[in-house]
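The values are calculated or read from the model by the stated rules, or taken from the named source; none is laboratory data. Just so we're clear, the structure is a prediction, and the values are computed from it rather than from any experiment. Neighbour counts run over all protein chains shown; Cβ positions are idealised from the backbone, glycine included.
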Amino acid sequence: MKAMVLNKLGSLEYNKDPLELTELPEPVPGQKKLLVKVFACGVCHTELDEIEGRTPPPKLPVVLGHQVVGRVEKVGEGVSKFRIGDRVGIGWIYSTCGHCHFCLSGRENLCKQFLATGRDSDGGYAEYMKVPETFAYPIPDYLTDAEAAPLLCAGAIGYRSLRLSNISDGQNLGLTGFGASAHLVLKTTRFKYPAAKIFVFARSEKERQFAMELGAAWAGATEDYAPEKLDAIIDTTPAWRPVVHALKNLKSGGRLAINAIRKEETDKEDLLQIDYPEHLWMEKEIKSVANVTGIDISEFLHLAAQMKVRPDIQEFPLEDANKALMELKKGKIRGAKVLRISDER
């Protein structure tokens, strides 16, 4: 099978083509696992974190990709949830221990044995991949493969971030950064909380215009003051500076939810700019968002079907994965980027 394989880590500034088109053996599904023929796979900023070493894979080579849509091609022994021919999605959560306190309480995202798709196990930048049936999910029929792919991470982690923000209808929500995840959060918020006002902070004018097209009440630069104080803000950027600027825009008692696996080291001195009275006093909160649970993905896919949400996407052939990643690195973002692996349905 064809796959785009990561063989070494390094900055994309110097390693402009980190993935190599490679012929690999087709995976064999084991006990309670599915073999999935991949139709589409979303491209996520986390892949940049993996390639550049901020959240490195435990071993190389590895096949990246954790927003996967495909069809069940084969089933291993003991599979009961899916049949051959079913269309399924696979997200960042690949497997957990299943029996610790966190797993048993529906917070398997915090399990110490959490394994990530496309980092700890080969992912969807390939024609086939295998996955435990527990962490595969039915895809709503109304979505195309490419439309469904971003919902499995950008959508699901955005949904979790929205839940952890504690926002209520009629309140003010801020979104710092406006890529694949944030644009889906905006759409979800408008559906779930129609009286809420959404304020977007983005570094490019194109992103700000896109936010206004989708129904934001206001859009400004990262360092701007919003015209109103905000009850909650969700930060989806890879940098520290937006965190500082977000805190100054929070109301007293407001919450900042940081949706990121890692923050870049180059700008961590920006944290020294935090002024306690302006940024943190009056019981403001900072909440990190770690991974996703199976419930997040299942609930968001169900909600997406109710909303009939269709993410804005840009498609690339599998062989152009490096191009898609470089555009993401350079901030050329409008919606979500998706690799088209196969057109077969």
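Tally up the residues in region 108-120 that are closer than 20 Å to residue 56 by Cβ, of a type outside the set (Lys, Arg) and in contact (Cβ under 8 Å) with a residue 40 or more places away in the chain, please.
Within region 108-120, residues that are closer than 20 Å to residue 56 by Cβ, of a type outside the set (Lys, Arg) and in contact (Cβ under 8 Å) with a residue 40 or more places away in the chain number 6.
Of all residues being surrounded by 23 or more Cβ atoms within 10 Å (Cβ to Cβ) and touching a Pro at 6+ places or on another chain (Cβ under 8 Å) in region 98-144, which is nearest to residue 157 (Cα to Cα)? Just the residue, please.
Ranking the candidates gives 119 first.
Out of 29, 58, 25, which single residue is surrounded by fewer than 21 Cβ atoms within 10 Å (Cβ to Cβ), assigned to a loop (DSSP other than H, G, I, E, B) and in contact (Cβ under 8 Å) with a residue 60 or more places away in the chain?
After applying the criteria, what remains is 58.
Please give the number of the condition residue 268 fails out of (1) modelled with pLDDT under 90; (2) in a loop (DSSP other than H, G, I, E, B).
Only one criterion is unmet by residue 268, namely (2).
Of all the residues that make up region 1-47, how many are of a type in the set (Gly, Ala, Ser), closer than 19 Å to residue 85 by Cα and modelled with pLDDT of 95 or more?
Result for region 1-47: 1.
Go through (1) aromatic (Phe, Trp, Tyr); (2) touching a residue at least 60 places away in the same chain (Cβ under 8 Å); (3) in contact with a strand residue (DSSP E or B) (Cβ under 9 Å, 6 or more places away or on another chain) and name the single condition residue 218 misses.
(2)
Report the residue count in region 88-107 for those that are touching a Gly at 6+ places or on another chain (Cβ under 7 Å) and either within 14 Å of residue 295 (Cβ to Cβ) or not aliphatic (A, V, I, L, M) (or both).
Residues flagged as touching a Gly at 6+ places or on another chain (Cβ under 7 Å) and either within 14 Å of residue 295 (Cβ to Cβ) or not aliphatic (A, V, I, L, M) (or both) within region 88-107 amount to 1.
Identify, from the list 187, 268, 263, 229, the residue that is crowded, with 17+ Cβ neighbours inside 10 Å and farther than 25 Å from residue 313 by Cβ.
Exactly one residue qualifies, and that residue is 263.
Name the helices (runs of 4 or more DSSP H) wholly inside region 128-241 in which the number of residues that are farther than 22 Å from residue 337 by Cα is 1 or more.
Filter on region 128-241 gives 154-165, 180-192.
May I ask you to verify whether residue 73 is over 17 Å from residue 296 (Cβ atoms) and in a strand (DSSP E or B)?
Criteria met by residue 73.
In region 229-236, is there at least one residue being closer than 19 Å to residue 162 by Cα, free of Cβ contacts under 8 Å to residues at least 40 places away in the same chain and in the same structural domain as residue 199 (by TED's automatic domain parsing)?
no
Taking region 291-309 as the region of interest, how many residues are assigned to a loop (DSSP other than H, G, I, E, B) and surrounded by 16 or more Cβ atoms within 10 Å (Cβ to Cβ)?
The number of residues fulfilling the criteria is 4.
Report whether or not residue 42 is crowded, with 23+ Cβ neighbours inside 10 Å and within 20 Å of residue 116 (Cα to Cα).
Numbers: crowded, with 23+ Cβ neighbours inside 10 Å: yes; within 20 Å of residue 116 (Cα to Cα): yes.
It is true that residue 42 is crowded, with 23+ Cβ neighbours inside 10 Å and within 20 Å of residue 116 (Cα to Cα).
Within region 7-16, restricting attention to residues that are charged (D, E, K, R) and exposed (fewer than 12 other Cβ atoms within 10 Å of the Cβ), which residue is nearest to residue 122 (Cα to Cα)?
8
Quick check on this structure: which one of 327, 285 is surrounded by fewer than 20 Cβ atoms within 10 Å (Cβ to Cβ), closer than 30 Å to residue 124 by Cβ and out of contact with any helix residue (DSSP H, G or I) (no Cβ under 9 Å at 6 or more places or on another chain)? Walk me through how you get there before you give the answer.
Working: 285 fails: closer than 30 Å to residue 124 by Cβ.
On inspection, the qualifying residue turns out to be 327.
If the Cβ limit is 7 Å and pairs must be 6+ apart or interchain, which residue in region 75-90 that is over 17 Å from residue 39 (Cβ atoms) pairs with which residue that is surrounded by fewer than 19 Cβ atoms within 10 Å (Cβ to Cβ) and at pLDDT below 95?
76/30
Collect the residues in region 82-97 that are surrounded by fewer than 16 Cβ atoms within 10 Å (Cβ to Cβ) and among the charged types (D, E, K, R), keeping them in residue-number order. Steps first, answer last, please.
If we filter region 82-97 for residues that are surrounded by fewer than 16 Cβ atoms within 10 Å (Cβ to Cβ), which is where we start, we get 83-85, 97.
Hit for region 82-97 is 83, nothing else.
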